[in-house]
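Contents: one structure, followed by commentary.
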């Protein structure tokens, strides 16, 4: 029996270049299956555009006047600490051409600064990324709470209890909130590897004490694909679901695909949705988010979504918000000087 | 600010008799509010019978030919380690009159033997209770899995992974199952005070490895009232909800109000539903369970349900399965030699 939590591959056996090459080949093979699924789909009106070459993508961007690019991170730009094929060149080219680029992730573990540092390292592109390109859901949770104008206590403090990482607490403190273990004005839930029954009890009791306290989820992802071997581990949605069940409350989601997030982005950065492309690997978060907010949506096949997921949303009338505008194998298809580099 | 988890009251200040007396008075006061709610309710056809005296209850039992009594435990027969008013006399009288008495609890922490020992101690009635009167949801989970006739492996073992207490594991072993941390044929979830993210990960990975493994919940209670001060703490439903969300699976509930449980009880003990009364303190589990299975249902006001809960189910057409057949303040109203002892 394989171990439940396997170790990363031996570095002597697999280099980052090997891994990137494997991802490149797998995503191109998955694209063949997607092509078959899409071409045999009954409803022509729903069919996404299939991007076969970098030139195809360039034409799509030109024809649709796309000026802004929102990128999901895990599964799109990198997996673990390995960059996706041509991810670095793609980002550098877009920025050098004056396009607006943002990194929009439901991962609430990191501050904006930490996310910037990771991207610079993994994409090997120091000096061109800025902190305000980073739209992590920890940062968004802080901005959302600020927008709610919660009542302050006699010490002029607004108190937030957190289930989540130090990075999430840090972003909330940067937004002006006090982290509290006692009386609260809001409870924020982000993925927490130290989540346990005691934390669940405390959250439930705090919400009972102040039924007016806001209950905010950084995201509702049911699971995350973690590590090189893409283990399927519980996401923040599972923790939120436990708190909701115990408290009888419903959380406000500030992550993808919520409209709270798209309104904040459009408002703060002055973007037009119709000139914006959301690039992601998940149908339920990234693609739904792009479609719901009136953006174009692009799916890559290097993360969660597979050809069979696409087949099932195309069959189901109620899932039409999960059908992407365009599909291509990996983010390198956006890099138009590739010259066969894919 | 009061502490999150308050200590039990000082024994020098509050004796068990004091606590029982407080419960008696509070439940009678709550009954006055219930009476007002029921009498001002618009829909006459739905009105439960309100039991005002022990004689009323005796007549009800006689008129409805009730032979079998299913008792929920926490909130009905005791709270913590304190017996409810006349709980002991009620149980002893029913048994001495030849009625069939069972204890049906969603608490999956104890084996049948442990539950019997607790009841004997709290109700001070050694020698009259038998193990087969104890229908705890740990025992039921084992019986349910047996009824599923799961395939055995080459070692002639059927492997069950457990989120829950030693008592739950013990009941599953008594039913013939191997407790496994690896390959599984079923995953059983009972309330686990040591629940944490790692346990959630393991459960998710095991369910992914064997998509045919049964997923069983001992109950889906959203919360439990715990201790003398009735703290509202997360129930097993919260843990099940986290596992369901992360795995994309739906658990089979073998606790109240599931029909799986009522079928098992009726079948094993040869009871007729129409001659059976389910006595409980929760509308969503006990009363729904009784009503759904064609029994009569009796609500006591010493546990979860309040007059405002009753008001809301009486207003809502979709909640009619939560309206009890009869309501009385506490279990002592079932003891017909009380002579004003209530």
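Annotations
- Checklist (1) in contact with a helix residue (DSSP H, G or I) (Cβ under 6 Å, 6 or more places away or on another chain); (2) in a helix (DSSP H, G or I); (3) within 26 Å of residue B:164 (Cβ to Cβ) applied to residue B:37, failing item: (3)
- Residue satisfying all of: in segment A:219-252; in a strand (DSSP E or B) and under 25 Å from residue B:236 (Cβ atoms); farthest from the other protein chains (Cβ to nearest Cβ) among these: A:224
- Candidates A:213, A:203, A:238, A:251, filtered to the one that is without any contact (Cβ under 8 Å) to a residue 24 or more places away in the chain and under 23 Å from residue A:139 (Cβ atoms): A:238
- Matching option when the condition is under 23 Å from residue A:290 (Cα atoms) and surrounded by fewer than 23 Cβ atoms within 10 Å (Cβ to Cβ), among A:137, A:96, A:65, A:154: A:65
- Among the residues of segment B:203-218, just one is buried (at least 24 other Cβ atoms within 10 Å of the Cβ) and facing another protein chain (nearest Cβ under 7 Å), namely B:204.
- All positions within segment B:172-196 that are part of a loop (DSSP other than H, G, I, E, B) and in contact with a helix residue (DSSP H, G or I) (Cβ under 6 Å, 6 or more places away or on another chain): B:175, B:184, B:190, B:191, B:193, B:195
- Residue within segment A:216-229 that is in contact with a helix residue (DSSP H, G or I) (Cβ under 9 Å, 6 or more places away or on another chain) and over 30 Å from residue A:23 (Cα atoms) present: yes
Each reported figure results from applying straightforward, stated rules to the coordinates on display, with no laboratory input. Nothing here was measured: the structure is a model prediction, and the numbers come from that model. Note that we place each Cβ from the backbone using ideal geometry, even for glycine, and neighbour counts take in every protein chain shown.
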